[in-house]
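Peer 1: Quick one: the structure is below, questions incoming.
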Amino acid sequence: MTKTFASRLAVFASGLLISFAASAASPGAPLQQAGNDLGDKASLQRGAALYMNYCSGCHSLKYLRYSRMAEDLGLTEEEVMENLNFTGAKFGEQIGVSLKTADGDAFFGKMPPDLSLITRTKLGESDWIYTYLKSFYLDESRPLGWNNQLFPNVSMPNPLWELQGLQHAEFGEASAGGERPVKGLKITQPGRLSAAEFDQVARDITNFLEYASEPAALKRQGMGVWVILFLVALTFLAYLLKREYWKDVH
């Protein structure tokens, strides 16, 4: 009884800690639902193209190989090497960056991180990434001229500003410490895409990053259907065996 109570108490404490950390991670920006689907291969392909064109200049995916991405996403070697490989790496190599560490430290304060496991390390996982991509706004007080409602004082510019447009923050009343919280964001100069189209862009990139964090998930989902069918067939055979056995007993 004591052991069971202690286990339940540990689970409750863990959940409380996670909830507190989640609320602290995004005090003024509730997470938006990404609604991404790893089974949507077209979305994954679009996400790969968007990531390589807008993100891969600074962020590597060192746990994912070009060849594995091609196999999983239904792309040919020629398509990957001509359209998605900008570093000159070989087809079987990991997805790296051409940005040197010294340059990354000089431009951004430190080298931009690898994003292979980003959806598995951030609170909220995919929803966090999706909300983050949509939460950049212009801020002249920052060294690069950008800030982020979800991740205040972020040290990177908005890589998708041409698509989304320029966003400004709407501030609330100043607190006792003089800080004015960001209450909302407003597009002040439209980009090349509508709001709905940009939402799809953010969703596609998020979908691709979730895939990159665990490529095996695609095959695991496909195998799941066959496992369920096998269990159904096994259950039916076990039922027939049970009927045959008890027929002789009676």
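Peer 1: Report the residue count in the stretch 169-221 for those that are open to solvent by less than 50 Å² (accessible area, probe 1.4 Å) and in contact with a Lys or Arg (Cβ under 7 Å, 6 or more places away or on another chain).
Peer 2: Total satisfying the criteria: 5.
Peer 1: Considering only the stretch 161-250, give the helices (runs of 4 or more DSSP H) lying wholly within it that have at least 3 residues that are among the hydrophobic types (A, V, I, L, M, F, W, C) and under 29 Å from the mean Cα position of the chain (by Cα). Quick ask: steps written out before the conclusion?
Peer 2: Details: elements: 161-164, 195-213, 216-249.
Ranges flagged: 195-213, 216-249.
Peer 1: Of everything in the stretch 150-201, what is within 29 Å of ALA42 (Cα to Cα) and either at pLDDT below 90 or among the aliphatic types (A, V, I, L, M) (or both)? Give them in sequence order.
Peer 2: From the stretch 150-201, those within 29 Å of ALA42 (Cα to Cα) are 150, 156-167, 187, 190-201; that's our starting set.
Result: LEU150, MET156, LEU160, LEU163, LEU166, ILE187, LEU193, ALA195, ALA196, VAL201.
Peer 1: Determine whether ASN158 is in a helix (DSSP H, G or I), among the polar types (S, T, N, Q) and surrounded by 11 or more Cβ atoms within 10 Å (Cβ to Cβ).
Peer 2: Values: in a helix (DSSP H, G or I): no; among the polar types (S, T, N, Q): yes; surrounded by 11 or more Cβ atoms within 10 Å (Cβ to Cβ): yes.
No.
Peer 1: If I ask for residues that are aliphatic (A, V, I, L, M) and either under 26 Å from SER155 (Cα atoms) or not in a helix (DSSP H, G or I) (or both), which ones from the stretch 55-98 would you list?
Peer 2: Applying the first criterion (aliphatic (A, V, I, L, M)) to the stretch 55-98 yields 61, 64, 69-70, 73, 75, 80-81, 84, 89, 95, 97.
Of everything in the stretch 55-98, those that are aliphatic (A, V, I, L, M) and either under 26 Å from SER155 (Cα atoms) or not in a helix (DSSP H, G or I) (or both) turn out to be LEU61, LEU64, LEU75, LEU84, ALA89, ILE95, VAL97.
Peer 1: Hey, ALA89 hits all of (1) closer than 22 Å to THR206 by Cβ; (2) open to solvent by less than 80 Å² (accessible area, probe 1.4 Å) but one; which does it fall short on?
Peer 2: With respect to (1) closer than 22 Å to THR206 by Cβ; (2) open to solvent by less than 80 Å² (accessible area, probe 1.4 Å), ALA89 is out only on (1).
Peer 1: Criterion first (under 24 Å from THR131 (Cβ atoms) and either at pLDDT 95 or above or out of contact with any Cys (no Cβ under 9 Å at 6 or more places or on another chain) (or both)) does ASP37 satisfy it?
Peer 2: Numbers: under 24 Å from THR131 (Cβ atoms): yes; either at pLDDT 95 or above or out of contact with any Cys (no Cβ under 9 Å at 6 or more places or on another chain) (or both): yes.
Yes; evaluated as a whole, the condition is true for this residue.
Peer 1: Within the stretch 83-93, which residues are over 28 Å from LYS110 (Cα atoms) and either at pLDDT below 95 or touching a Leu at 6+ places or on another chain (Cβ under 9 Å) (or both)?
Peer 2: Passing the criteria: only ASN83.
Peer 1: Whether any residue in the stretch 50-64 is out of contact with any helix residue (DSSP H, G or I) (no Cβ under 8 Å at 6 or more places or on another chain), buried (at least 20 other Cβ atoms within 10 Å of the Cβ), of a type outside the set (D, E, K, R) and over 20 Å from ARG203 (Cβ atoms) is what I want to check.
Peer 2: Looking for residues that are out of contact with any helix residue (DSSP H, G or I) (no Cβ under 8 Å at 6 or more places or on another chain), buried (at least 20 other Cβ atoms within 10 Å of the Cβ), of a type outside the set (D, E, K, R) and over 20 Å from ARG203 (Cβ atoms), one finds at least one in the stretch 50-64, hence yes.
Peer 1: What is the residue count in the stretch 137-151 for residues that are under 16 Å from GLY165 (Cα atoms) and either assigned to a helix (DSSP H, G or I) or touching a helix residue (DSSP H, G or I) at 6+ places or on another chain (Cβ under 7 Å) (or both)?
Peer 2: 1
Peer 1: Separate question: Among the residues of the stretch 98-130 satisfying the criterion of being open to solvent by less than 40 Å² (accessible area, probe 1.4 Å) and either over 10 Å from the mean Cα position of the chain (by Cα) or among the basic types (Lys, Arg) (or both), which is modelled with the highest pLDDT?
Peer 2: Here the answer is PRO112.
Peer 1: Counting just the residues of the stretch 176-194 that are in contact (Cβ under 8 Å) with a residue 24 or more places away in the chain and either out of contact with any strand residue (DSSP E or B) (no Cβ under 9 Å at 6 or more places or on another chain) or of a type in the set (A, V, I, L, M, F, W, C) (or both), which one comes out farthest from GLU162 (Cα to Cα)?
Peer 2: VAL182
Peer 1: Among the residues of the stretch 107-119, is any without any contact (Cβ under 8 Å) to a residue 24 or more places away in the chain and of a type in the set (Val, Ile, Thr)? Steps first, please.
Peer 2: Taking the stretch 107-119 and keeping what is without any contact (Cβ under 8 Å) to a residue 24 or more places away in the chain, we get 107, 111.
Narrowing the set further to residues that are of a type in the set (Val, Ile, Thr) leaves none.
Checked against the condition, which is being without any contact (Cβ under 8 Å) to a residue 24 or more places away in the chain and of a type in the set (Val, Ile, Thr), the stretch 107-119 yields no hits at all.
The values are calculated or read from the model by the stated rules, or taken from the named source; none is laboratory data. Note that the structure is a prediction, hence the values are computed from the model and not measured. Methodologically, a virtual Cβ is constructed for each residue, glycine included, from the backbone with ideal geometry; neighbour enumeration extends over all protein chains shown. Heads up: the accessible areas ignore ligands, DNA and RNA and are worked out on the full protein's heavy atoms, side chains in. Shrake-Rupley method; radii C 1.70, N 1.55, O 1.52, S 1.80 Å.
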